[in-house]
1. Rounded to whole Hz and in sequence order, give me ³J(HN,Hα) for the range 18-34 from the Karplus expression 6.51 cos²θ - 1.76 cosθ + 1.60, θ = phi - 60°, writing x for Gly and Pro.
2. Calculate how large, on average over all directions, the projected area of the Cα convex hull of the range 43-84 is; give the answer in nm² to one decimal.
3. If you take every residue apart from LEU82 with its C-beta less than 12 Å away from the C-beta of LEU82, what net charge results, scoring Lys and Arg +1 and Asp and Glu -1?
4. Return the long-range amide H neighbours of PHE40 (sequence gap of 5 or more, or a different chain), with a cut-off of under 5 Å between placed amide H atoms.
5. Please report Rg over Rh for the chain, where both radii come from the alpha carbon positions and Rh follows the Kirkwood definition.
6. Quick one: what are the phi-derived ³J(HN,Hα) couplings along the range 68-79, Karplus 6.51/-1.76/1.60 with θ = phi - 60°, whole Hz, x for glycine and proline?
7. At 7 Å along Cα-to-Cβ for each site, give me the label-to-label distance between GLU4 and LEU82 in nm.
8. Could you report the accessible area of LYS54 in Å², rounded to 10, computed with a 1.4 Å probe on the protein chains as they sit in the structure?
Amino acid sequence: MTKEHENLLASCYKSCLEIADKNGVDSIAFCCISTGVFMFPNDRAAEIAVQTVKEYKEKTNSSIKVIFNVFKDLDEEIYRELLR
C-alpha cells in the first residue's frame, strides 16, 4: 500500500459522495472498499473511509446519511471505534 493507493481510495469515497449529493440522494452505503482481493489493510481503509466522509460532510454541509456496510466482525469493531 502506498500513499497513492490511499489517495485513490479517499478519492473513490469523495467522488461517490459528490455524485450522490449532485443527484439528490438521501443516503449511501459503502462496503469495505479495497480490503478484499486488493488486500488493503482493514484498519487503514476504515480510517480513510471515515476521515474522508467526515471531511466531506464538514466541508460541504452535506446532510447525506452514510452507512458503512461490513462483512467481518473485525471490520465492525474498527468502524465502531472510529465512529465514537
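The values are calculated or read from the model by the stated rules, or taken from the named source; none is laboratory data. Predicted model, so just to flag it, every value in this text is computed and none were measured. We place every Cβ from the backbone using ideal geometry, glycine too, and count neighbours over all the protein chains shown. For the accessible areas, the whole protein counts, side chains as well, though only heavy atoms, and no ligand, DNA or RNA atoms are used. Shrake-Rupley method; radii C 1.70, N 1.55, O 1.52, S 1.80 Å.
1. For the range 18-34, the Karplus curve yields 4, 5, 4, 5, 4, 9, x, 6, 7, 8, 8, 10, 10, 8, 7, 4, 6 Hz.
2. Details: hull surface 11.7 nm².
It is 2.9 nm².
3. Values: positive: ARG44, LYS54, ARG80, ARG84; negative: ASP43, GLU47, ASP75, GLU76, GLU77, GLU81.
Net local charge, LEU82 excluded: -2.
4. THR35
5. On the way: Rg = 12.5 Å, Rh = 13.1 Å.
Answer for the chain: 0.95.
6. With the stated coefficients, the range 68-79 comes to 9, 8, 10, 10, 10, 4, 4, 5, 4, 4, 4, 5 Hz.
7. Taking the two extended label points, one gets 2.3 nm.
8. Here the accessible area works out near 90 Å².
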